[in-house]
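Okay, so here's the structure we're looking at.
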Amino acid sequence: MTLKPIETEFSERLLRQNKMDESRFDLNEKAPIVTIVPPKVIWAQLQFEHDPSREVSQVEIPGWYYDCFKDLKSAELKYPHIHTKIVGTPANVYKFLQSEAAQGIIDFSPLGAAVVSKEALNVEVTQELHQHTMPYWLHYALSPELWGTQGKWTRFHSRLHTLLQGKALLNGTDSPGFYPLPKQAKKLESFGFFGSDLENSYLLVLPWSFPLSALEKLEATIQQEF
């Protein structure tokens with residue numbers, strides 16, 4: 001089968017993934033953490049599909065060395081001494097960055113997994129898809145674009161925290177992308193926000209793809225209903 005021109009396929013994939021259903025947001029703690037990826041990740045995937053033998057690009061991530069794997073098990077086998085392991089939600093990545101840990105394994109399934117370290121790693125680059133895509137994802141997930149003073153998650157959290165605190169709706173300690181609310185917050189499901197119905201709280205865990213339009217809708221709903 002002949003592949004489409006890479007530019008055509010790139011445009012089509014961007015359009016497909018950007019057609020988000022904004023009537024329903026899965027904010028369950030077990031929801032997929034990666035559903036929409038940055039254009040550079042899509043482009044790297046397409047380049048690999050068109051030329052599997054192409055050289056793996058070197059992507060620098062300031063402050064970090066990294067090693068990429070197809071899954072968590074593969075990372076654990078190579079680095080059994082690293083005990084800090086997290087599921088790569090925005091909330092968990094934030095806590096990892098704040099902890100100033102020197103090393104950690106982050107599970108970004110289904111994209112792959114990564115070991116990140118403040119010290120150099122013994123990296124063996126192979127010609128597999130995750131070696132091409134994961135560096136670009138990591139560059140995005142750890143970037144000041146998300147975590148800097150004016151970054152997406154910094155700003156989102158400031159707005160949500162202020163609103164939830166003002167409405168007395170925090171049922172525990174929140175952090176960027178992680179919001180434990182009272183049980184009464186389950187009514188948010190009627191407006192398309194589906195969290196985790198826990199024993200003593202209703203938990204919202206925001207995925208990487210949570211957009212500004214969804215934040216604004218959530219803010220308006222909270223203002224109106226509580």
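Some observations on this one:
- Residues of region 180-226 satisfying the condition of being hydrophobic (A, V, I, L, M, F, W, C) and part of a helix (DSSP H, G or I): 185, 188, 191, 212, 214, 215, 218, 220, 222
- Of the residues examined, residue 95 is not one that is without any contact (Cβ under 8 Å) to a residue 40 or more places away in the chain and of a type in the set (Lys, Arg).
- Residue in region 95-112 that is farthest from residue 151 (Cα to Cα), counting only those that are touching a Gly at 6+ places or on another chain (Cβ under 8 Å) and surrounded by 20 or more Cβ atoms within 10 Å (Cβ to Cβ): 107
- Condition met for residue 110 (part of a loop (DSSP other than H, G, I, E, B) and at pLDDT 95 or above): no
- Residue match in region 150-158 (condition: part of a helix (DSSP H, G or I), in contact (Cβ under 8 Å) with a residue 60 or more places away in the chain, touching a Pro at 6+ places or on another chain (Cβ under 7 Å) and under 30 Å from residue 180 (Cβ atoms)): yes
- Count of region 40-94 residues which are assigned to a loop (DSSP other than H, G, I, E, B), open to solvent by 20 Å² or more (accessible area, probe 1.4 Å) and in contact with a strand residue (DSSP E or B) (Cβ under 8 Å, 6 or more places away or on another chain): 3
The values are calculated or read from the model by the stated rules, or taken from the named source; none is laboratory data. The structure displayed is predicted, hence computed values, not measured ones. Cβ: placed from backbone, ideal geometry, glycine included. Neighbour counts: every protein chain shown. Just so you know, the surface numbers come from the protein's heavy atoms only, side chains and all, with ligands and any DNA or RNA stripped out. Shrake-Rupley method; radii C 1.70, N 1.55, O 1.52, S 1.80 Å.
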